[in-house]
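As structure tokens, the structure follows; a few thoughts come after it.
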Amino acid sequence: MLFLRSLIFLLLQIIITPIFSVLALLTFPLPALTRYRFISLWAKMMLVLLRVVCGISYQVRGLENMPTEPSMILCKHQSAWETLALQEVFPAQAWVLKRELLWIPFFGWALALTNPIAIQRSDGKGAIKQLLKQGKERLKQGFHVVIFPEGTRVPFGERGKYKIGGALLAASSGAQVIPVAHNAGRLWGRKAFVKRPGVIIMSIGAPIESKGRKADEINTDVEAWIENEIQQLPH
């Protein structure tokens, strides 16, 4: 039954995504924030399908920590779920992502219109320079900047290396950092097709100040909070 429900979810994604992407392309002449608000409706639809078809819902803790100004959102990366849920929970965002995602037919084309910071990971210093330049631009435009500091999805219960890029942008821009933890990987695992029903908990931490601080100090605080908070969530 779980396999069938997961298959139905996938088929609905395959049907809905190309149609929605064509509509998203029509938003090209609109301001960046307006484009984002329309295109993010796709993620919200996927969350509805997850709840109805797969039985996956979620709760959010720490809503009192929701930022009122453009901030850095550094989130644990376990699943594809958080890429959807962040768009419903937080205001308009610009994502730091690998540029290859923009080459995916339909999905990538719409993604490109959301004003992401699409980097080439192998570029090293060039990627960091691009992140700092475009990240500051997005913050000034009113976007929150979303980064998965581990860089890639990490299996539930494990910890990846927290890369310094997000903390560098925070230190350089002075933007506060909002750490986010969750336990999505226990229901929708890394590269998993089958999705198990249940309730995912997302926890939003108190803002971490970056002004006058070094990037490695910020990064250490982010990692410590996220990894400690995950231990408090249902396993």
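The values are calculated or read from the model by the stated rules, or taken from the named source; none is laboratory data. If you're wondering where the values come from, they're calculated on a predicted model, not measured in any experiment. Neighbour counts are summed over all protein chains in view; Cβ atoms, including those assigned to glycine, are modelled from backbone coordinates with ideal geometry.
Checking region 201-214 against the condition returns no match, with no residue being within 25 Å of Leu101 (Cβ to Cβ) and either over 14 Å from the mean Cα position of the chain (by Cα) or not in a strand (DSSP E or B) (or both). Here region 90-126 is the region considered, the condition is being buried (at least 19 other Cβ atoms within 10 Å of the Cβ) and β-branched (Val, Ile, Thr), and the residue that is nearest to Ile230 (Cα to Cα) is Val96.
Of all residues in region 113-123, those satisfying the criterion of being farther than 15 Å from Pro149 by Cα and modelled with pLDDT under 90 are Gln120, Ser122, Asp123. Look at region 200-212: where a residue is under 20 Å from Gly55 (Cα atoms) and modelled with pLDDT of 95 or more and a partner is in a loop (DSSP other than H, G, I, E, B) and among the polar types (S, T, N, Q), sitting 6+ places away or on another chain with Cβ atoms under 6 Å, you get Ile201/Asn183. Here is a check on your reading of the model: is Leu97 part of a strand (DSSP E or B) and closer than 30 Å to Gly62 by Cα? The answer is yes for Leu97. Please go through region 31-48 and give me each residue that is within 14 Å of Glu88 (Cα to Cα) and in a helix (DSSP H, G or I), ordered by number. Answer for region 31-48, where residues must be within 14 Å of Glu88 (Cα to Cα) and in a helix (DSSP H, G or I): Tyr36, Arg37, Phe38, Ile39, Leu41, Trp42, Ala43, Lys44, Met45, Met46, Leu47, Val48. Whether a residue is assigned to a helix (DSSP H, G or I), in contact (Cβ under 8 Å) with a residue 60 or more places away in the chain and surrounded by fewer than 18 Cβ atoms within 10 Å (Cβ to Cβ) was assessed, and Glu227 passes this test. For the criterion of being modelled with pLDDT of 90 or more and under 15 Å from the mean Cα position of the chain (by Cα), Ala110 fails. Restricting attention to region 127-155, and to residues there that are of a type in the set (Gly, Ala, Ser) and in a loop (DSSP other than H, G, I, E, B), which single residue is modelled with the highest pLDDT? For region 127-155, the residue satisfying everything is Gly142. Look through Gly160, Gly174, Gly212 and report the one residue that is buried (at least 16 other Cβ atoms within 10 Å of the Cβ) and among the small types (Gly, Ala, Ser). On inspection, the qualifying residue turns out to be Gly160. Can Ala171 be described as over 21 Å from Ser79 (Cα atoms) and either touching a residue at least 24 places away in the same chain (Cβ under 8 Å) or not in a strand (DSSP E or B) (or both)? Judged against the criteria, Ala171 is a match. Can you say whether Glu158 is without any contact (Cβ under 8 Å) to a residue 40 or more places away in the chain, among the acidic types (Asp, Glu) and not in a strand (DSSP E or B), as far as the supplied structure shows? So Glu158 passes the test.
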